[in-house]
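See below for the structure under consideration.
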2 protein chains.
Amino acid sequence: MSITPKQKVYQGVLQEIRLFIEKNGLTSGDKLPSERELADTLQKGRSSVREALRAMELLGLIETRQGEGTFLSTYRQFHTVELLASFILRENHTRQDLILAKKILEKEAAKLASSGIACADIDELSAIIREKAGSPEQRHTAFFHLLFYRIDNLLLAKVWQLMEEFSGAVGSLYYEEAFYRELLKLYTSGEYLGIEELYEKQGHYKCKK
Amino acid sequence: MSITPKQKVYQGVLQEIRLFIEKNGLTSGDKLPSERELADTLQKGRSSVREALRAMELLGLIETRQGEGTFLSTYRQFHTVELLASFILRENHTRQDLILAKKILEKEAAKLASSGIACADIDELSAIIREKAGSPEQRHTAFFHLLFYRIDNLLLAKVWQLMEEFSGAVGSLYYEEAFYRELLKLYTSGEYLGIEELYEKQGHYKCKK
DNA sequence: TGTCCATGGTGGTCAGACCACCCTTTAATT
DNA sequence: AATTAAAGGGTGGTCTGACCACCATGGACA
């Protein structure tokens, strides 16, 4: 048991569990030793083992099923980041903070996506902004959802998604229709360098509360 | 106590703590009620309260100090970040996501800060990059910490800080010394438009693991 | 005024009790 | 023999209580 002097027992237990998982090549769905077994093996109290397990459970790393045992979860990438971000976003930020932060992410995603944008993507984006069945907010969400997942940076996508969800509480944040069309024009013509300028001129949320 | 049938006690406790924090407008450094008090107030066992607190602690949301109490964290302790990172940063792809996301935030902060940068700020930034007592990583953190708090967007600052903390676990990410100096030159000469170009040319982390 | 000690509070850890649930084995019934 | 029901042993879930180490405060004493 690798316990450093300042370390709490549950942290040492966490480390041992992590080592156990690695050593035994455990993967999603595999079963961990029982709480009592871990407590015995590690010579620690069962409560301390449970504290470690609860921490892991909140992180989404494990699932505990009463009567059955403790199992490794399907790994959800960035679940922890989501958790942390959700705490951060719940703090009392100003509306301006959220607006600016979200716009930055959207602008950078628009630029990053441009290098890998395909005709099919442009068609799909075009279909999104032309869709009249939903609201402008929904179109905005769908539009940037596609862009974020096109750039294949899950971290950015998740942070943006959380901001998008929280922005619903401070008023719907979307751009003028002309903005999306202009952005598509830049994509179509390959003038990706104009995106920063587009954001300077038209990158303002049509704020409706 | 809002406990749904399928929900474990520690999860309900977590929610109540979260609500308490929001309701009372608690912020970093503020003290939470004692374990015994929470157990009493929520009519749950102290162990269950501890399970919730351990989960929060692993996320770096709180710090518990023996003899003193439980406090909302200002920064995640290094050891906590290490533990967390060992669970969440498992793949190169994840690391790449983090690196890119962090750079985006830093670039945008550098640009946003430029409009309100004062001589005293430039002096302070200059002092930071000239400081030889610490490591390049520490200088990088201090440098951008100042920038993020200059733009007075707490949300961005906190999101970046989270990324900065985790990036320590994937290898130290900082720029060549010339980058910081060049950025300061741009600030000094007021050529803020050159920042995007600077990032194109020199905005690459000097990755050392 | 400064130092020391006692008190009351804090978190830290563990043992134990008992409950609900699950799966396997054994026994009873058809 | 096949099916169903009950028992047994294990799992996690929750709580209580005991005791420890540490901290801050207040009172007593020099």
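The values are calculated or read from the model by the stated rules, or taken from the named source; none is laboratory data. Quantities reported herein were computed from a predicted structural model and do not represent experimental measurements. Cβ coordinates were reconstructed from backbone atoms using ideal geometry, including for glycine residues, and neighbour counts include every protein chain displayed. Keep in mind that these areas ignore ligands, DNA and RNA; they rest on the heavy atoms of the full protein, side chains included. Shrake-Rupley method; radii C 1.70, N 1.55, O 1.52, S 1.80 Å.
Among the residues of the range B:35-89, count how many are in contact with an Asp or Glu (Cβ under 8 Å, 6 or more places away or on another chain), within 16 Å of DNA strand D (Cβ to nearest atom) and under 17 Å from A:E57 (Cβ atoms).
6
I want to confirm something. Restricting to the range A:50-68 and keeping residues that are part of a loop (DSSP other than H, G, I, E, B) and away from DNA strand C (no atom under 13 Å from the Cβ), which single residue is farthest from the other protein chains (Cβ to nearest Cβ)?
Applying the filter and picking the extreme gives A:G60.
For the range B:172-209, which positions are touching a residue at least 40 places away in the same chain (Cβ under 8 Å), part of a loop (DSSP other than H, G, I, E, B), open to solvent by less than 40 Å² (accessible area, probe 1.4 Å) and not hydrophobic (A, V, I, L, M, F, W, C)?
Across the range B:172-209, the qualifying residues are B:G203, B:Y205.
Kindly provide the set of residues from the range A:11-26 that are crowded, with 20+ Cβ neighbours inside 10 Å and within 27 Å of the chain's Cα centre (by Cα), ordered by number.
At the first step, the residues of the range A:11-26 found to be crowded, with 20+ Cβ neighbours inside 10 Å are A:11, A:13-14, A:17.
Residues satisfying the conditions are A:Q11, A:L14, A:I17.
Here are the criteria: (1) open to solvent by less than 20 Å² (accessible area, probe 1.4 Å); (2) farther than 18 Å from B:L156 by Cβ. Tell me which single one A:L98 does not satisfy.
Only one criterion is unmet by A:L98, namely (2).
Return yes or no: is B:S47 at the interface with chain A (Cβ under 10 Å from one of its Cβ atoms), in a helix (DSSP H, G or I), in contact (Cβ under 8 Å) with a residue 60 or more places away in the chain and not β-branched (V, I, T)?
Answer is no for this residue.
Applying the selection to the range A:69-95, what residues are hydrophobic (A, V, I, L, M, F, W, C) and either open to solvent by 40 Å² or more (accessible area, probe 1.4 Å) or facing chain B (nearest Cβ under 10 Å) (or both)?
A:F78, A:V81, A:L83, A:L84, A:A85, A:F87, A:I88, A:L89, listed by residue number.
B:L125 - would you say it is within 30 Å of A:L155 (Cα to Cα) and modelled with pLDDT of 90 or more? It would help to see each step written out before you state the result.
Numbers: within 30 Å of A:L155 (Cα to Cα): yes; modelled with pLDDT of 90 or more: yes.
Yes; evaluated as a whole, the condition is true for this residue.
Among the listed residues A:G29, A:G60, A:G116, A:G45, identify the single one that is over 29 Å from B:R18 (Cα atoms), outside the structural domain of A:F148 (by TED's automatic domain parsing) and surrounded by fewer than 20 Cβ atoms within 10 Å (Cβ to Cβ). Explain how you work it out, then say what you get.
On the way: A:G60 fails: over 29 Å from B:R18 (Cα atoms); A:G116 fails: outside the structural domain of A:F148 (by TED's automatic domain parsing); A:G45 fails: over 29 Å from B:R18 (Cα atoms).
The unique qualifying residue is A:G29.
Which number in (1) surrounded by fewer than 17 Cβ atoms within 10 Å (Cβ to Cβ); (2) touching a Gly at 6+ places or on another chain (Cβ under 9 Å) marks the one condition that B:K103 misses?
Of everything listed in (1) surrounded by fewer than 17 Cβ atoms within 10 Å (Cβ to Cβ); (2) touching a Gly at 6+ places or on another chain (Cβ under 9 Å), B:K103 misses just condition (1).
Does B:A127 qualify as being in the same structural domain as B:L154 (by TED's automatic domain parsing) and either open to solvent by 10 Å² or more (accessible area, probe 1.4 Å) or not in a helix (DSSP H, G or I) (or both)?
So B:A127 passes the test.
Considering only residues of the range B:133-171 that are more than 17 Å from B:A118 (Cβ to Cβ) and hydroxyl-bearing (S, T, Y), which is least open to solvent (accessible area, probe 1.4 Å)?
Taking the candidates together, the pick is B:S167.
What about B:K103, is it within 14 Å of chain A (Cβ to nearest Cβ) and over 17 Å from the mean Cα position of the chain (by Cα)?
no
Would it be correct to say that B:Q66 is over 22 Å from B:Q161 (Cα atoms), open to solvent by 50 Å² or more (accessible area, probe 1.4 Å) and either small (G, A, S) or in contact (Cβ under 8 Å) with a residue 40 or more places away in the chain (or both)?
In short, no.
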